[in-house]
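Note sheet for the following structure.
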Amino acid sequence: MRTESPPLAPYLRSDTQARLLAELLLKPGRAMSVTELAKTVGSAQSVISNEVDRLVTASVLADERVGRTRLVRANPDYRLSEPLTSILAATFGPEPVMTRLLTAIDGIDAAFIYGSWAARFSGVAGRQPGDVDVLVVGTPDRAALNEAVDAAESELGLPVQITRVSPGAWEQAREPFIRTIKAGPLVALRLAKDMP
């Protein structure tokens with residue numbers, strides 16, 4: 001995990017901080033343990049614990065103890081919660097939003113964000129993305145994908161394009177379009193139905 005400011009949100013202190021805030025502020029009301037956050041964000045538990053301490057002290061997050069477990073959630077009373085959440089939705093929101101929306105659709109074998117948003121998320125410097133490009137591998141219903149696009153655009157405030165390809169076309173990668181996508185930065189969406 002990078003510790004410098006993330007290209008998607010260079011005004012935040014670190015990539016870890018941005019992903020932690022996105023995980024909690026984009027899922028209001030959900031409490032997570034520090035252990036869960038470390039696993040989800042992909043950082044050491046001690047790093048997450050220190051970041052949580054800073055954000056709880058600043059009232060951005062709230063925490064409580066349930067037995068020996070420290071649960072953390074977004075603080076709905078934080079006065080900058082709404083604008084901060086809007087910023088996080090527009091910058092780090094595509095991964096959790098698209099994951100949530102696509103998990104609900106049958107027939108998806110795999111899904112990825114590619115293009116400029118995936119490049120910035122992966123640390124490649126450049127202009128802020130003006131849209132979100134998503135590739136879905138499988139045979140989902142097109143109407144369901146269109147509904148997901150509408151919901152994502154409403155939540156993210158960015159245009160979203162979803163391209164559907166068959167599992168065979170993805171595996172064989174004969175089309176130049178698919179080869180180009182596979183050669184560039186990809187953010188794999190971990191759909192809940194695929195997780196143990």
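The values are calculated or read from the model by the stated rules, or taken from the named source; none is laboratory data. These numbers come from a predicted model, not from an experiment. Backbone-built Cβ (ideal geometry, glycine too); neighbour counts: all protein chains shown.
Across segment 153-170, what is the number of residues that are modelled with pLDDT of 95 or more and in a helix (DSSP H, G or I)?
Number of matching residues: 4.
Of the conditions (1) touching a residue at least 12 places away in the same chain (Cβ under 8 Å); (2) under 21 Å from Pro185 (Cα atoms), Arg127 clears all except one; give me its number.
It is condition (1) that Arg127 fails.
On the basis of being at pLDDT below 95, among the small types (Gly, Ala, Ser) and farther than 24 Å from Arg120 by Cβ, does Gly67 make the cut?
Details: at pLDDT below 95: yes; among the small types (Gly, Ala, Ser): yes; farther than 24 Å from Arg120 by Cβ: yes.
Spelling it out, Gly67 is indeed at pLDDT below 95, among the small types (Gly, Ala, Ser) and farther than 24 Å from Arg120 by Cβ.
Considering each of Leu55, Leu12, Leu21 in turn, give the residue that is of a type in the set (A, V, I, L, M), at pLDDT below 90, touching a helix residue (DSSP H, G or I) at 6+ places or on another chain (Cβ under 8 Å) and farther than 20 Å from Val134 by Cβ. Step through it out loud before you land on a result.
Numbers: Leu55 fails: at pLDDT below 90; Leu21 fails: at pLDDT below 90.
None of the others qualify; the one that does is Leu12.
State which residue pairs qualify: first residue polar (S, T, N, Q) and inside segment 75-91, second residue in a helix (DSSP H, G or I) in any location, beta carbons under 6 Å apart, and separation of 6 or more residues or different chains.
Taking only residues 6 or more apart or on different chains, the pairs are Thr85/Leu25.
For segment 28-74, enumerate the residues that are out of contact with any strand residue (DSSP E or B) (no Cβ under 8 Å at 6 or more places or on another chain), among the charged types (D, E, K, R) and surrounded by fewer than 18 Cβ atoms within 10 Å (Cβ to Cβ).
Glu36, Lys39, Asp53, Arg54, Arg68
Is at least one residue of segment 109-121 under 22 Å from Leu25 (Cβ atoms) and of a type in the set (A, V, I, L, M)? Working first, answer last.
Here is the first cut: in segment 109-121, the ones under 22 Å from Leu25 (Cβ atoms) are 113, 117-118, 120-121.
This time we only want the ones that are of a type in the set (A, V, I, L, M), so: 113, 118.
Yes, segment 109-121 has at least one match.
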